[in-house]
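Asker: Sharing a structure, written as structure tokens. Questions coming.
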Amino acid sequence: MPKLAQVLLTAMLFTSLAAASGCQSQKVPKFDSALVGTWQREGDGRSSSLSFTDTGLFLCKWTDKGSAESSMVGRYRFDGEVLLLTYPPEASECADECGSYSISLLDGKFAASVLNDSCVARRENISAQWLRERLGG
């Protein structure tokens, strides 16, 4: 199967599964431009970053003491004021499980608090205080 057809098929499957899981509402996707960018986790002794794109993708990277870097890529969107996060079907953890979070954005800080997320790894990595990463250091 040509690569483009594989990508389109995967995207359609992901969208269908997200809708079936209740993570997708009937509203037009909304991406908050204030959230777009890279964020660093505050003061818990682990190295973590969380990046949001303006196309609805997010990347969470983290390193626990003495461990190699881990990362997960997924899709995000808003339903009203609630941030919804989902990993794709091929994810090694929590595939197709939707997590919902309340967030606040103020003065270069981003806070996420879990509302409902059965994915322990995502919940532990996302629920935190984050600082916007400054360009150039």
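The values are calculated or read from the model by the stated rules, or taken from the named source; none is laboratory data. As the structure is a computational prediction, the values presented were derived from the model and not from experiment. As a convention, Cβ positions derive from the backbone with ideal geometry for all residues, glycine included, and neighbour counts pool all protein chains shown.
Asker: Within the range 79-137, which residues are of a type in the set (D, E, K, R) and on the phi > 0 side of the Ramachandran plot?
Answerer: Once the filter is applied, which keeps residues that are of a type in the set (D, E, K, R) and on the phi > 0 side of the Ramachandran plot, the range 79-137 yields Asp96, Asp107.
Asker: Same structure again: Restricting attention to the range 71-88, report how many residues are surrounded by 15 or more Cβ atoms within 10 Å (Cβ to Cβ) and more than 19 Å from Ser118 (Cβ to Cβ).
Answerer: Summing the residues that are surrounded by 15 or more Cβ atoms within 10 Å (Cβ to Cβ) and more than 19 Å from Ser118 (Cβ to Cβ) in the range 71-88 gives 1.
Asker: Does Gly74 qualify as being modelled with pLDDT of 90 or more and within 22 Å of Ala34 (Cα to Cα)?
Answerer: Against the criterion (modelled with pLDDT of 90 or more and within 22 Å of Ala34 (Cα to Cα)), Gly74 qualifies.
This table checks each residue for (1) within 19 Å of Ser48 (Cβ to Cβ); (2) touching a Ser or Thr at 6+ places or on another chain (Cβ under 7 Å); (3) surrounded by fewer than 17 Cβ atoms within 10 Å (Cβ to Cβ).
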site: Tyr101; (1), (2), (3): yes, yes, no
site: Phe110; (1), (2), (3): yes, no, no
site: Ser118; (1), (2), (3): no, no, yes
site: Ser127; (1), (2), (3): yes, yes, yes
site: Arg132; (1), (2), (3): yes, no, yes
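Asker: Further question on the same structure: What number of residues within the range 114-125 are within 13 Å of the chain's Cα centre (by Cα) and assigned to a strand (DSSP E or B)?
Answerer: The number of residues fulfilling the criteria is 1.
Asker: Note down all Cβ pairs under 6 Å where the first residue falls in the range 68-79 and is in contact (Cβ under 8 Å) with a residue 24 or more places away in the chain, the second is of a type in the set (S, T, N, Q) and outside any strand (DSSP E or B), and they're at least six residues apart or on different chains.
Answerer: Sorted first by the residue in the range 68-79, then by its partner, the pairs are Asp79/Ser25.
Asker: Can you find, within the range 89-106, the residue that is farthest from Asp117 (Cα to Cα) among those that are touching a strand residue (DSSP E or B) at 6+ places or on another chain (Cβ under 7 Å) and in a strand (DSSP E or B)?
Answerer: If we take residues in the range 89-106 being touching a strand residue (DSSP E or B) at 6+ places or on another chain (Cβ under 7 Å) and in a strand (DSSP E or B), then Ser104 is farthest from Asp117 (Cα to Cα).
Asker: Hey, any hits in the range 77-93 for a residue that's under 21 Å from Arg134 (Cβ atoms) and charged (D, E, K, R)?
Answerer: Scanning the range 77-93 turns up no residue that is under 21 Å from Arg134 (Cβ atoms) and charged (D, E, K, R).
Asker: I'd like to know if the range 42-54 contains one or more residues that are on the phi > 0 side of the Ramachandran plot, surrounded by fewer than 16 Cβ atoms within 10 Å (Cβ to Cβ) and modelled with pLDDT of 80 or more.
Answerer: no
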